[in-house]
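The block underneath contains the structure these notes are about, expressed in structure tokens.
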Amino acid sequence: MEKRVRPAELVPLDIFTENHPIAIDLVYASESHPENIFGKIYREGARLWMHRDLVAVTLLAAHYCARENPGLRFELKDCLRTVEAQTLMQQAPMVQRNPHWCEEPNRLLSPPGKGAHPRGMAVDVVLIDGNGHRLEMGTPFDYLSEDPERNPAARAFRHLPEEALHNRKILEGTFLKAADRFGLPLLPLPDEWWDFRFPSSVTEGFAPLWDADLPLQMRMTALCGSPAIQSDFPDWHFDDLKERIETRIKVALA
């Protein structure tokens with residue numbers, strides 16, 4: 001029987017931006033975002049939510065990166081993508097014009113409910129400098145290649161500028177180091193240099209999250225109009241989560 005990710009285990013990452021080397025850029029919340037190829041997916045006021053264990057890995061990785069490469073920060077693009085949000089992606093005009101993106105054997109988009117994103121257990125990350133400019137990574141974020149043999153977004157693809165290969169190595173190395181420090185399994189998704197997730201051996205043990213499963217404050221889309229199954233969490237709940245996670249980070253960095 002599948003377990004469920006409890007809403008109490010989800011954390012909004014914007015509560016960490018002031019004191020940690022991360023920034024938030026929730027791409028699918030803005031139809032006009034230059035990196036958004038799907039159109040507006042998330043509702044007004046949507047936040048970037050993440051499972052608390054992946055939060056710890058992500059923040060520690062960001063600190064490792066900043067400590068070893070002064071001035072660099074992580075920019076977080078996406079994490080929790082509810083089943084409704086995945087459905088909206090499949091219905092996007094760009095996807096309708098490219099139905100093969102959803103077809104086997106070289107599917108580029110996960111079916112609704114599949115993968116680590118609808119469990120809050122996959123994060124999309126790019127590197128930025130102190131001025132907020134993205135570093136050279138070889139391809140844009142969310143690059144969809146139709147050639148699995150020559151995909152420049154793949155981690156194994158080597159025909160890229162040395163700067164891009166170096167920056168990818170920084171990003172992947174710090175994530176793996178942080179996951180190892182916490183004794184947690186981590187999969188850098190092979191075909192997407194920006195995607196870091198808990199492997200299927202972890203995520204498939206949990207049911208995917210629907211907006212209907214969540215309190216109003218955590219919902220990603222406006223599709224679910226039914227009353228929330230539980231009340232919003234008070235500020236002190238997130239203050240407590242923040243303190244617990246930051247204590248883990250401090251111990252790991254000591």
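Shape of the range 105-196 from the C-alpha gyration tensor: oblate (a/c of 1.5 or more and a/b not above b/c, with a ≥ b ≥ c the square roots of its eigenvalues).
Rounded, prolate or oblate: which fits the range 166-254, taking a ≥ b ≥ c as square roots of the Cα gyration tensor eigenvalues, rounded meaning a/c under 1.5, else prolate when a/b beats b/c?
Values: a/c = 2.43, a/b = 1.46, b/c = 1.66.
Cα axes put the range 166-254 in the oblate bin.
Taking θ as phi - 60° and the Karplus parameters 6.51, -1.76 and 1.60, the scalar couplings of the range 139-148 work out to 9, x, 4, 6, 6, 9, 9, 8, 10, x Hz in sequence order, x denoting glycine and proline.
Look at [x] 17.6, 52; [y] 16.8, 47; [z] 18.9, 62: the one that is Rg and Dmax of the Cα atoms in Å derived from this structure is [x]. What is the distance in Å between the Cα centroid of the range 137-184 and that of the range 59-134? Here the answer is 13 Å between Cα centres. Backbone amide hydrogens, once placed in the peptide plane, bring D78 within less than 5 Å of D124, excluding anything fewer than 5 places away on its chain. Annotation: amide H of L187 within the under-5 Å range of R197, F198, sequence separation 5 or more or interchain, hydrogens built in the peptide plane.
Quick one: T58, T82, T247, fewest Cβ neighbours within 10 Å first, how do they rank? Could you put the intermediate results ahead of the total?
Working: T58 25, T82 31, T247 11.
Ranking T58, T82, T247 by Cβ neighbours within 10 Å, fewest first, gives T247, T58, T82.
Could you work out the local net charge near Q86, counting Lys and Arg as +1, Asp and Glu as -1, over the other residues with Cβ closer than 13 Å to its Cβ?
Numbers: positive: R81, R107, K114, R119; negative: D78, E84, D211.
Result for the neighbourhood of Q86: +1.
Using helices alone, what [θ] at 222 nm do you get for the chain, with -39,500 (n - 2.57) per DSSP H run of 4 or more residues, divided over all residues and rounded to the nearest 500? The partial results should precede the final answer.
Numbers: 6 runs with 74 residues, N = 254.
Taken over the chain, the calculation gives -9000 deg cm²/dmol.
In terms of packing, defined here as the mean over residues of other Cβ atoms within 10 angstrom, the peptides 70-78, 179-187 line up highest first as 70-78, 179-187.
Full-extension gain between K169 and R67, please, as 0.36 nm times their residue separation minus the C-alpha to C-alpha distance. Don't skip to the end; give the middle numbers.
On the way: separation 102, 0.36 × 102 = 36.72 nm, distance 1.52 nm.
This chain segment gains 35.2 nm when fully extended.
With +1 on the Cβ of every Lys and Arg and -1 on the Cβ of every Asp and Glu, and nothing else charged, how large is the dipole of the chain about its Cα centre, in debye rounded to the nearest 20? Could you put the intermediate results ahead of the total?
Values: 29 positive and 38 negative charges, 97 e Å.
So the dipole magnitude of the chain works out to roughly 460 debye.
The residues R134, R67, R81, when put in order of fewest to most other Cβ atoms within 10 Å, stand as R67, R134, R81. Residue separation of D129 and E35 scaled by 0.36 nm, minus their Cα-Cα distance, works out to 32.0 nm of gained length. Here the contact order of the range 3-253, divided by its residue count and restricted to Cα pairs under 8 Å and six or more residues apart, works out to 24 percent. Between L223 and K250, the contour length at 0.36 nm per residue exceeds the alpha carbon distance by 5.8 nm. For R4, list long-range residues whose amide hydrogen, built 1.01 Å from N in the peptide plane, is under 5 Å from its own amide hydrogen. Here the answer is A207, since their amide H atoms fall under 5 Å of that of R4.
Need one number: % antiparallel among DSSP beta bridges in the chain, to the nearest 5. DSSP beta bridges in the chain are roughly 75 percent antiparallel.
Highest mean first, the peptides 238-246, 166-174 sorted by other C-beta atoms within 10 Å per residue fall in the order 166-174, 238-246. By other beta-carbon atoms within 10 Å, ranking S30, S201 with the fewest at the front produces S201, S30. 3J(HN,Hα) along the range 5-18: 6, 6, x, 5, 8, 8, 10, x, 6, 5, 6, 10, 5, 5 Hz, from the Karplus curve 6.51 cos²θ - 1.76 cosθ + 1.60 with θ = phi - 60°, whole Hz, x for Gly and Pro. Couplings 3J(HN,Hα) of the range 188-199, computed from phi: x, 4, x, 8, 9, 4, 8, 9, 10, 8, 6, x Hz, in residue order, whole Hz [Karplus 6.51 cos²θ - 1.76 cosθ + 1.60, θ = phi - 60°; x for Gly and Pro].
Here, each number is a calculation from the coordinates, and none is a lab measurement. Remember, it's a predicted structure, so these values are computed and weren't measured experimentally. FYI the Cβ positions are ideal-geometry reconstructions off the backbone, even for glycines, and counts take in every protein chain you see.
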